[in-house]
Protein chains: 2
Amino acid sequence: MSKYNVIGTRVHRVDGPDKVTGKAKYTFDMVLPNMLYGKILRSPHPHAKILSIDTSQAEKLIGVKGIVTGKDTLGKKQGIWRRFPELCDEEMICRSKVRYIGDPVAAVAAVDEDTAAEALDLIEVEYELLPAVFDPLDAIKEDAPQVHEGVELNINVTRHIEWGDVDEAFKQCDLVREDHFRCSSQAHVCMETHDAIASFDHSGKLTVWTSTQAAYYMQVLLADMLGLREGDVRVIKPPTGGGFGSKFELDSAQFCASLLSMKLCQPVKIVFTREEEFTASKRRTPMIYYTKLGAKKDGTLLAKEVRVITEGGAYTSMGATALYLTGFFSSFPYKYPNYRYDGYRAYTNTAPTSAMRGFGAPQAVFVGESQIDMMAEELGIDPVEIRRRNGMTPNYEVPGQANIQSCGLHQCLDKIEEHIKQRGKLPPNRGIGIAAYGFMSGGIFNWFDTPYAFSAAVVRINIDGKVDLFTGACDIGQGSDTTLSMICAEELGVRLDDIRIHAADTGICPPDLGAWGSRETLMNGNAVKMAAADAKRQLLEFAGAKMGANIVYDLDIKDRWVHLVDRPQKGLSYFDVVKEAIRGKDGEAIMGRGHYTPHRKGMISPAYSFGVQAAEVEVDPETGRYKLVNVTTAHESGTVINPVGIEGQLEGAIMMAGGYGFCEDQPMDNGKILNPSIGDYKLIRSLDMPETKILEIDTYEPEGPFGAKEAGEGLTNPTAGAIGNAIYKAVGVRIHDLPITPEKVFRALRAKEQARSSK
Amino acid sequence: MSKYNVIGTRVHRVDGPDKVTGKAKYTFDMVLPNMLYGKILRSPHPHAKILSIDTSQAEKLIGVKGIVTGKDTLGKKQGIWRRFPELCDEEMICRSKVRYIGDPVAAVAAVDEDTAAEALDLIEVEYELLPAVFDPLDAIKEDAPQVHEGVELNINVTRHIEWGDVDEAFKQCDLVREDHFRCSSQAHVCMETHDAIASFDHSGKLTVWTSTQAAYYMQVLLADMLGLREGDVRVIKPPTGGGFGSKFELDSAQFCASLLSMKLCQPVKIVFTREEEFTASKRRTPMIYYTKLGAKKDGTLLAKEVRVITEGGAYTSMGATALYLTGFFSSFPYKYPNYRYDGYRAYTNTAPTSAMRGFGAPQAVFVGESQIDMMAEELGIDPVEIRRRNGMTPNYEVPGQANIQSCGLHQCLDKIEEHIKQRGKLPPNRGIGIAAYGFMSGGIFNWFDTPYAFSAAVVRINIDGKVDLFTGACDIGQGSDTTLSMICAEELGVRLDDIRIHAADTGICPPDLGAWGSRETLMNGNAVKMAAADAKRQLLEFAGAKMGANIVYDLDIKDRWVHLVDRPQKGLSYFDVVKEAIRGKDGEAIMGRGHYTPHRKGMISPAYSFGVQAAEVEVDPETGRYKLVNVTTAHESGTVINPVGIEGQLEGAIMMAGGYGFCEDQPMDNGKILNPSIGDYKLIRSLDMPETKILEIDTYEPEGPFGAKEAGEGLTNPTAGAIGNAIYKAVGVRIHDLPITPEKVFRALRAKEQARSSK
């Protein structure tokens, strides 16, 4: 028998058939009897006092059933950093002040969307405009307008990481570089915008269907903001059209729909328009980087110092974590003996900046990988070689921060070196740039202050052998329902179609932190594996009793066959053992439980994936326009559970990370986002996609289920840096601010030309 | 805080004070009210039919209370290989036939030992003498006398191990050697001879105090042989004066005392005389070796073939296992790509040969390490280098046999190489020989067919924080009570004197296979650690609830302080937590359970220790007399639990293994052992001991408790081989049969001289 029966096989997604046939019902598609439609009135001003709100004209509109404003709320401020009350700074409907263009002011429920939209126009809000601040470097000036009262210099949070003696180490360097970079914002652009249907009933129970990355967070936050018991709030995540970090904080669709439903005792549905999605949901954190790197002549990196200020926008949201992680990942994937990071997050009167796929790391990697290439060139060392000399290795400890177990970085470097060699000598204006990276498999930080295990699962085996798997994991398109079903089937020794998964419904699934920070394969996977093992153990007790073999023999189940490991032909049918075991337990179905919270793995993550990406570009030196020709990624994510899933993640990541490097941006005018539509916001489309290739590296992560770890989010880290390095290799110009648009390349080429001719 | 508080510290043995003050009561010392003394009548013939036994005169002797013969038994044959009834071949009192000089024929209970001894002389046994066979090579001849009826050619068991294509591989070798060796017998010479006190009461319960390595085996075997339920037999092991492999089979002291006590309903004590100990207890298995070794010019070992015939003596006993293990360890500690072993055990009319410290491995290592030195010399390769080139490394699989995880052999070789260099150039007639070895940490084989876990432990924490540890482990002098108490204290986070150990009493301790095959540190250690962890987990539940810390923090206990691992100053007193937890459990003492049975570790052992020993000898070329000058051992046994214990094991092992190599032997005349007394049996005494040095190598065994594995038994493997190689280095003669007596060296030197002068 082969090692695994399910894991590593090419299966279709468990939710695939329903999705490709259109049968899957997203929140967007759902209709409840007697349901109303809500719309949210938002601030047109970046910073203003609300002097008065007059809803009387709107209420008179036929078809309007109810209107809520800040007065209808409990007046609490919320936030996801619940351990730190001062960071819970966001009213879900503003009472007295708005802080960005898009801050919610009121919400209407009506018989249809058009009526609700019309009602919004009839609400009269009197504002007193306040001076506003948009740039983080302006925000921290003494005389800047205060976004939040009492927050000195608008500094929301600061983060410091340090080990070794950085100043002393710089003195011992043969070469020290100081560079500045700017990283832009980026929109998540989920296929499904934020939406929710809330249904409050007369027994005092609230049920919310919503497109979310974390049903449990929504349950807890809604209960808190609405004054309900957690157990009276049930949050259900139907099939979900993407999240990418935008959907694990409480949003105004969820809150306003719930508040309206509580007021009206009728179901209320709110769906963000695409414009709301661009302007009033959160976005990737823009960052201004100062970075100093010191090396010995032979390329050994001795010290690094990084200072970052981020544009926070109006509220804390997940921006505090992005601030920490960009500092942490600025030390990746190299062994810096001396390192110092200082990060500052400034409040501004712009849409809040928060988590987005990569979570601070794409910025760190763009900056770090650009600078290391510059350093390598100055030292006359090959870019692969300098990374090899300093790269992390298995069982490496990032001082005081992280205990890395598996790490295949060096194998990835070898593979990419081989790939570059295979490409041979390139024609003029072509270049290959590389970027190395590492990423986390779920976060250890518990700023949310959950008292529950981070992940938990329950497995129930029924009399016919069918297995019900209950998990709080949120499949938002990344495929966790499939991955977890595969893990369950493998561990239990049954087939994938023996599993029926029940996920992300807080009424029936155990609490779980949801889908962010690349948690689910490792954290939920561990819980599911443990629950399946618990159930299997109970079955094997009965099988062992029946078979009466020497106790030194191991029993296991593979493909529904309960057998002696060393004599696989000697066994019993899984179905027969299930029947006997349930009879033995006086008719009680077999129940297995598992839970996982990382322990003794440092402060950041229980495991890290690694990779190296090579981007090949072809630049038109006349115009600065360039084409992504090929993106090849050597990637290790431990044991691959679902190979088809990884391929999809890789393609998607290159599209998204390529967009971050190449074209995506959110330009603003006085806090107003200028391109809030798919038409104006430039994404990489299918026709723009480069040829992609994945070089899978075989590693085994001891902390992961069957040796698995993160695959997908880390892949968004390298592309911008690799493109920047490729442009430099192709035409010799270095772009320090994202995105690397053709215009910037053109200007840089012209400046270079002028500098040359002026010599 | 340092990593461990108890483990690795220099503590005195928990049983030390009682032993050094003489307070400890061995079975030998015990006296029960109304106790009788027993003696056993033994066969003076190597092979004979019992025609009649007349006990009438003996019964009339004043003071004699009872006599039993074979007729008083159930007529069953017993053996420790219970899964194979044909290998259970030993009557505890012979009914119709005796098979060696010492086979029990009758037993007497009397008011004192002298009376019992006198009675033996009055028992008339009429024998019909049968032709006997003593040498295994004679025994397998067609016309040899049959020791057991129906056993063809007297072949008791055969064993075959094979992997690769041995014949093909030999063809590819540049050099092939074929050699013959003979390994002698050895007596265990325990300080305390075999003894037992049996007390049968009117309720049908039998209690037996006995000097044993495996109380649970004795319970089960006695119940079976006496027709009692296992639960009606309680075996208690008082402090025990050594075992070394001689005391884990049922012996005639235990059986005869029990049978007499059942007959008389009075306690009966039987203590073997030293002569009985030498002649009628079991002994190390003598072996005749043919071994063929093939190598490439560069020293790479390609193939090995081994054929062995062992002198079995009259019964199977543990000789079947020794036969397997000598074949398995003949492949150690090298990576043979092709290997074949065939072993045969022949019944003979001599005292049964069985397990003794090393269990077949000292023979394998003497032979193998002699031959590899011969091979190295012929190839012109340094002895260290040839071992380095072929030595096992971590995570090596012996094909189909063993999965080795930790392995520090190469570090041991480095250390020994350094040691040899430090000794510098030696004077004439001095030489240093080395031998490398590996050994098991407990056996996986379950020929005994226990239905219980191999090891189990229970930990009970009482209201005052005192911990009762219950284990079936047998401390026979090797120090397991101390080691297990240390493991329990460390895991639980208390001090060594918080532990009260209750061991090897089948009435109150969980079943356990006892002390053999270097089981206890790893197997019992795992069970004890698990039981302590189970108890600790229950305490930490209450501590965690009380402290209310963020759930990502780890709690632990160290030195009676329950605390957050990352903030050790934040904590609670162990004593307070115990009180609260017991209150929380409605007054029930905290109970932790643990059990261990190896799984998925191949067929032999869950872990292996490794080492290299260098013996330095000084030979007087005139007489062949030689002196062991220095024995230095580089040894790795994973994490060292009890450093003082390891030092003691090392000293003891060199004394015992040096004796095997140097002087110990059991010459016979027609099946009669000629030197059955401490006076005539030559042991290495304290004044003969060489200087010894241990070079500890740091390894970590993932399967062992805190990373620990075997330490002590493996150390008996290398010395004979190292001595042989040292003699060769000193004076150029190679001795092929053990022991390497001065006489043999003298004869070899003379033969060499003659060969030289005849040239």
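Read the figures in this text as sums done on the coordinates, not as results from a lab. No experiment lies behind these values; they were computed from the predicted model shown. Counting neighbours? That spans all protein chains shown, and the Cβs are built from the backbone with ideal geometry, glycine included.
Cα atoms only, the range B:646-734: Rg and Dmax in Å?
Here Rg and the maximum Cα pair distance are 16.7, 51 Å.
Give me the base-10 log of I(q)/I(0) for the range B:228-285 at each q in 0.18, 0.26 Å⁻¹, Debye formula, one uniform scatterer per Cα, rounded to two decimals.
-0.77, -1.30
Just tell me which lysines come within less than 21 Å, Cα to Cα, of residue A:415; anything on the same chain fewer than 8 places away is out.
A:335, A:425, A:693, A:709, A:729
How large is Rg over Rh for chain B, taking Rg from the Cα atoms and Rh as the Kirkwood inverse mean of 1/r across Cα pairs?
0.99
In nm, to one decimal, how far is the residue B:627 label point from the residue A:180 one, both placed 7 Å along Cα→Cβ?
With each label point 7 Å from Cα toward Cβ, the separation is 8.2 nm.
Note the distances from residue A:162 to each other copy's matching label point, with points 7 Å along the Cα-to-beta-carbon direction, in nm, sorted shortest first.
When each copy's label point is compared with this one, the spacings are 7.0 nm.
Which residue, A:396, A:412, A:364, has the largest displacement toward the positive end of the dipole of the range A:308-432 when charges sit on each Cβ (Lys, Arg +1; Asp, Glu -1)?
The residue sitting most towards the positive pole is A:412.
With charges only on Cβ, +1 for K and R and -1 for D and E, what is the dipole size of chain B about its Cα centre, in debye, rounded to 20?
Working: 86 positive and 101 negative charges, 233 e Å.
It works out to roughly 1120 debye.
Using every Cα-Cα pair within the range A:171-298, state what percent have a distance larger than 21 Å.
Distances greater than 21 Å cover 51 percent of the Cα pairs.
Using all Cα-Cα distances in the range B:348-399, what percent lands in each 5 angstrom bin from 0 up to the longest?
4, 15, 16, 17, 18, 12, 7, 6, 4, 0
Roughly how many debye, to the nearest 20, is the charge dipole of the range A:657-754 about its Cα centre, given +1 on each Lys and Arg Cβ, -1 on each Asp and Glu Cβ, and no other charges? List each step's numbers first, then the result.
On the way: 11 positive and 15 negative charges, 128 e Å.
Rounded to the nearest 20 debye, it is 620 debye.
Report the full-extension gain for the segment residue A:758 to residue A:585: residue separation times 0.36 nm, less the Cα-Cα distance, to one decimal in nm.
Numbers: separation 173, 0.36 × 173 = 62.28 nm, distance 8.90 nm.
Answer, rounded to one decimal: 53.4 nm.
Kirkwood hydrodynamic radius for the range A:246-332: how many Å is it when counted over pairs of different Cα atoms? The partial results should precede the final answer.
Numbers: mean 1/r = 0.0605 Å⁻¹.
Mean inverse Cα-Cα distance, inverted, gives 16.5 Å.
Mind giving me the FRET efficiency for residue B:59 and residue B:273? R0 is 25 Å, r the Cβ-Cβ distance, nearest 0.05 is fine. Before the final figure, lay out each step's value.
Working: r = 23 Å, r/R0 = 0.91.
The calculated FRET efficiency here is 0.65.
Quick one: putting +1 on the C-beta of Lys and Arg, -1 on the C-beta of Asp and Glu, what dipole do you get for the range A:271-321 around its Cα centre, in Debye to the nearest 20?
Numbers: 9 positive and 6 negative charges, 76 e Å.
With only Lys, Arg, Asp and Glu charged at Cβ, the dipole is about 360 debye.
Taking the convex hull of the Cα atoms, report for the range B:568-643 its projected area averaged over all directions, in nm². It would help to have the intermediate numbers written out before the result.
Working: hull surface 48.8 nm².
Computed as one quarter of the Cα hull surface, the answer is 12.2 nm².
Find the all-direction average of the projected area of the Cα convex hull for the range B:529-660, expressing the result in square nanometres with one decimal place. It would help to have the intermediate numbers written out before the result.
On the way: hull surface 54.4 nm².
It is 13.6 nm².
Around residue A:346, with a cut-off of 15 angstrom between Cβ atoms, what is the net charge of the other residues, counting Lys and Arg +1 and Asp and Glu -1? Don't skip to the end; give the middle numbers.
Values: positive: A:99, A:141, A:159, A:182, A:307, A:345; negative: A:89, A:135, A:138, A:142, A:143, A:152, A:311, A:342.
Around residue A:346, the charge tally is -2.
For residue B:623, place a label point 7 Å out from Cα along the Cα→Cβ vector, do the same in each other copy, and report the separations in nm, one decimal, smallest first.
Copy-to-copy label distances at residue B:623, shortest first: 10.4 nm.
Looking at A:173, A:160, A:214, which one has the Cα that reaches farthest to the positive end of the dipole of the range A:126-214 (charges on Cβ: Lys, Arg +1; Asp, Glu -1)?
A:214
Please report, for the Cα atoms of the protein assembly as shown, the Rg to one decimal and the Dmax as a whole number; what are they, in angstrom?
Every Cα atom of the protein assembly as shown included, Rg and Dmax give 39.5, 131 Å.
Which length gain, in nm to one decimal place, applies between residue B:385 and residue B:644 when the Cα-Cα distance is subtracted from 0.36 nm times their residue separation?
On the way: separation 259, 0.36 × 259 = 93.24 nm, distance 3.21 nm.
Roughly 90.0 nm would be gained on extension.
Compute and list, largest first, the equivalent-ellipsoid semi-axes of the range B:493-546 from the alpha carbon gyration tensor, each √(5λ) rounded to a whole angstrom.
Working: eigenvalues 139, 31, 25 Å².
Sorted largest first and rounded, they come to 26, 12, 11 Å.
Which Rg and Dmax, in Å, describe the Cα atoms of the range A:280-417?
16.1, 50
Using alpha carbon centroids, what distance separates the range A:529-579 and the range A:67-84, in Å?
Taking the Cα centre of the range A:67-84 as reference, the centre of the range A:529-579 is 53 Å away.
How high is the relative contact order of the range A:144-227? Use alpha-carbon pairs under 8 Å, at least six apart in sequence, and give a whole percent. Intermediate values should be presented prior to the final figure.
On the way: 27 pairs, mean separation 10.8, N = 84.
Relative contact order, the range A:144-227: 13 percent.
If the range B:416-572 were replaced by its equivalent ellipsoid, with semi-axes equal to the square roots of 5 times the Cα gyration tensor eigenvalues, what would those be, largest first, whole Å? Mind dumping the intermediate values first?
Values: eigenvalues 296, 126, 39 Å².
Semi-axes (√(5λ), whole Å): 38, 25, 14.
Set the Förster distance to 30 Å, then compute FRET efficiency between residue A:113 and residue A:51 from the Cβ-Cβ distance, nearest 0.05. Walk me through the numbers on the way to the answer.
Values: r = 29 Å, r/R0 = 0.97.
Using R0 = 30 Å, I get an efficiency of 0.55.
Measure out, as a whole number of angstrom, how far apart the alpha-carbon centroids of the range A:323-364 and the range A:1-65 sit.
30
What is the Cα centroid distance between the range A:442-468 and the range A:622-674, reported in whole angstrom?
Cα centroid to Cα centroid, the span is 32 Å.
Quick one: work out the % antiparallel among DSSP beta bridges in chain B, nearest 5.
Values: 104 of 135 bridges.
Around 75 percent antiparallel, to the nearest 5.
For every other residue with a beta carbon closer than 14 angstrom to the beta carbon of residue B:180, add +1 if it is Lys or Arg and -1 if Asp or Glu, then tell me the sum. Write down the numbers at each step before the final one.
Details: positive: B:177, B:182, B:292, B:307, B:734; negative: B:178, B:179, B:305, B:737.
That works out to +1.
Quick one: which residues, 5+ away or cross-chain, put their amide H under 5 Å from the amide H of residue A:629? H built at 1.01 Å from N.
Amide H neighbours of residue A:629, under 5 Å, 5+ apart: A:616, A:617, A:618.
Quick one: if you stick a label point 7 Å off each Cα along the C-beta vector at residue A:202 and residue A:570, how many nm between them?
Using points 7 Å along Cα→Cβ, the separation is 6.6 nm.
Nearest-to-axis residue of chain B, judged by Cβ, for the B-to-A rotation, with distance in whole Å?
Minimum Cβ distance to the axis, with residue: B:702, 5.
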